[in-house]
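Here, each number is a calculation from the coordinates, and none is a lab measurement. The structure displayed is predicted, hence computed values, not measured ones. Glycine also receives a Cβ, built like all others from the backbone with ideal geometry; neighbour counts cover every protein chain displayed.
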Amino acid sequence: MIGKTLKELGKALTEKKISSVELTQLHLDRIARLNPEINAFITVDAQKSLAQARAADARLAAGNAGPLTGIPIAQKDIFCAQGWLTTCGSKMLGNFVSPYDATVITKFDVAGAVNLGKTNMDEFAMGSSNETSHFGAVKNPWDVKRVPGGSSGGSAAAVASLMAPAATGTDTGGSIRQPAALCNLTGLKPTYGVVSRWGMIAFASSLDQAGPMARTAEDCGLMLNAMAGFDEKDSTSLERSAEDYLRDLEKPLAGLKIGLPKEFFGEGCDAGVMACVQDAIAEYRKLGAETVEISLPNMQHGVAAYYVIAPAEASSNLSRFDGVRYGYRAPEYGDLADMYQKSRAQGFGAEVKRRILIGTYVLSHGYYDAYYLQAQRIRRLIAQDFVDAFRHCDVIMGPTSPCTAFGLGEKSADPVQMYLSDIYTIAVNLAGLPGMSVPCGFSAGLPVGLQLIGDYFAEARLLNMAHRYQQATDWHLKSPKE
Amino acid sequence: MSLTLPQVRRVAQLARIEISDAEAETTLGHLNGIFTLIEAMQAVDTQGIEPMAHAQDVAQRLRDDRVSEDDCREAMQAIAPETEAGLYLVPKVIE
């Protein structure tokens, strides 16, 4: 049962080939064996998971199970889960046992899924390598001397090493897609506003979006069906009627137009990565799709605009961590201001502090217009580029990441080098579009991800395109050697 | 542009993050690297472009002003660093 897809596990559970308790225990055993090296989980609580599994078995016995009932799914430690330690990868929340559930957690609970544990992540989701976690770096199961990507690196490593059948992630600038690419997973960042942000610890609120990380596109669709939906508790949740994201899964691709932005295929991408991406595009042509060259002329300014907007929003969001109501408080301090300053200095790690300082600076008097407003204007230009591009094509393709998994410590000393890891993913968040990463081959033994970008609300189309490709290839089924 | 050490200290103070002299030096180097990346943005002509604050052009939803949550003070205060009689404790602000 280890290494099966969610679809296969659901079938095994309804056919009583295995119980949820047995399935959960199998994965807990695997976590106990592999996690000490991989460090993908921050919190595992076998009693809580097995209690949920027993409840799922009762539902299965009563015949009112859904497609995810009884399946263990790992949750990124950014989602508040009642009674669970919820750290967001930070010392600041190192003692935070959440008093409530995020909407995403509630939805998986309603679906009958089992919370398998809370996965490691870059601190407050700020990072592209999972090295900024207070709880230690996560290792890439394909090569433990390398990073799994970030910020959802724990989720990616947990699924890639088959400790979890699937996991949740969040994506502010590429944090689902880039680790999915680096660990050979299928990951989907939905259109902004499709999945509720309630109870998901905020980094940059106008960009943050949760989504599934799994081994197949079909599994991502199964998860998105459970995760998506209007939530009045999230003020930016979109009021749309529910949809079945699997409805177009089997549609033929004949006649579909794939846009290839010349900005994705120029300099700056590793040759081995580019070769795999080109092979994948050739496969899509075989499946009947047409390709057309397009241009996203303002994409080159995406990283700059992002590193103004995201830190600006983060500096505001993270002002809530003051050592008063929850989280870390410094053991010794003088007056109130000193308590704030020491608690925040000791509770936050270096990258988080750096981004708070950038954000504070660009929002401060005299710099607001030059930085913040300029970045927001560029954000509109980037979004408009996509609108123009989708007049000529149905979906956009290119690499997810300019390189395969890099070495632990290789980029952590230079923030700018780290930031450039997200050069192909950031524009999608700025525009609010859905994006996916799909396994498309290996370069020097390391996985490569193909990025698919859709128009607003084109999740079903993206899943269809990924699924058809996965019917014709088997890259996504490959797992690292133990 | 380049930031200066006093600017870094000032921003850290605004952000309520204590910063040592050594940290300020390292941070200055990192921030200047990042702002070199950001500065490229200034060359883009954005005259007449409306700033985009949000991914979707939708109006903020309003809700009725009514109680929607049960009393959860105890659960919320159970995780606070220091409370007394239902109140959060902080160092004295007014003598």
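Within 10 Å, at most 10 other Cβ atoms, and a DSSP state outside H, G, I, E, B define an exposed site. Report the longest part of chain B free of exposed trypsin sites (Lys or Arg not before Pro). For trypsin sites (Lys or Arg not before Pro) (loop position, at most 10 other Cβ atoms within 10 Å), the longest site-free span of chain B is B:1-62.
Per residue, the convex hull spanned by the Cα atoms of region A:5-147 measures out at 109 cubic angstrom. Within region B:1-58, all pairs of alpha-carbon atoms sorted by distance into 10 Å bins from zero give the percentages 19, 34, 26, 19, 2. Counting only the Cα atoms, region A:366-408 fills a convex hull of 103 Å³ per residue. If the chain linking A:His365 and A:Asn95 were pulled fully straight, counting 0.36 nm for each residue of separation and taking away their Cα-Cα distance, it would gain 93.6 nm.
The Cα atoms of region B:22-95 define a convex hull whose projected area, averaged across directions, is 12.7 nm². DSSP beta bridges fully contained in region A:6-250 are about 70 percent antiparallel.
The phi-based Karplus calculation (6.51 cos²θ - 1.76 cosθ + 1.60; θ = phi - 60°) puts the 3J(HN,Hα) values of region A:194-207 at 7, 10, 5, 9, 4, x, 9, 4, 6, 10, 10, 4, 7, 10 Hz, whole numbers, x for Gly and Pro.
Take chain A and mark each of the trypsin sites (Lys or Arg not before Pro) that is in a DSSP loop with at most 10 other Cβ atoms within 10 Å; the longest unmarked stretch, sites excluded, is A:17-390. For region A:155-243, GluC sites (Glu not before Pro) are listed when DSSP marks them as loop and at most 10 other Cβ atoms sit within 10 Å of their Cβ; the list is A:Glu239. Helix B:5-14 and the longest principal axis of the Cα set of chain B meet at an angle near 20°. Distance between the 7 Å Cα→Cβ label points at B:Gln42 and A:Ala51: 5.8 nm. Rounded to the nearest 500, the 222 nm mean residue ellipticity of chain A from helices alone is -11500 deg cm²/dmol, with -39,500 (n - 2.57) taken per DSSP H run of at least 4 residues. With contacts taken as Cα pairs under 8 Å and at least 6 residues apart, chain A reaches a relative contact order of 18 percent. Relative to one another, the C-alpha centroids of region B:49-68 and region A:328-363 are positioned 30 Å apart.
When the inverse distances between all different Cα atoms of region A:6-250 are averaged and flipped, the Kirkwood radius reads 17.3 angstrom. Selection among A:Ala330, A:Asn35, B:Gly33 by position relative to the dipole of the protein assembly as shown gives A:Asn35 as farthest towards the positive end (Cβ unit charges, Cα centre).
Residues of region A:303-331 falling in the label zone of B:Leu87, defined by backbone nitrogen less than 18 Å from a point 7 Å along Cα to beta-carbon, are A:324-326. Applying the criteria of a DSSP loop state and at most 13 other Cβ atoms within 10 Å to the GluC sites (Glu not before Pro) of region A:260-312 yields A:Glu267.
Springs join every pair of Cα atoms under 10 Å in this Gaussian network model of chain B, and among B:Met76, B:Met52, B:Met41 the largest mean-square fluctuation is at B:Met76. Spin-label model, A:Gln300/A:Ala32: points 7 Å from Cα along the beta carbon direction are separated by 5.6 nm. Label point of A:Val110 set 7 angstrom out along Cα-Cβ; within region A:208-237, amide nitrogens under 19 Å from it belong to A:210-212, A:221-237. Expressed in Å, the radius of gyration and Dmax of the Cα atoms of the protein assembly as shown are 22.9, 78.
Evaluated over the Cα positions of region A:179-261, the convex hull gives a direction-averaged projected area, one quarter of its surface, of 7.3 nm².
If one takes the longest principal axis of the Cα atoms in chain B, at what angle in degrees, from 0 to 90 and to the nearest 10, does the Cα axis of helix B:21-39 lie? Compared with the principal axis, the helix lies near 60 degrees.
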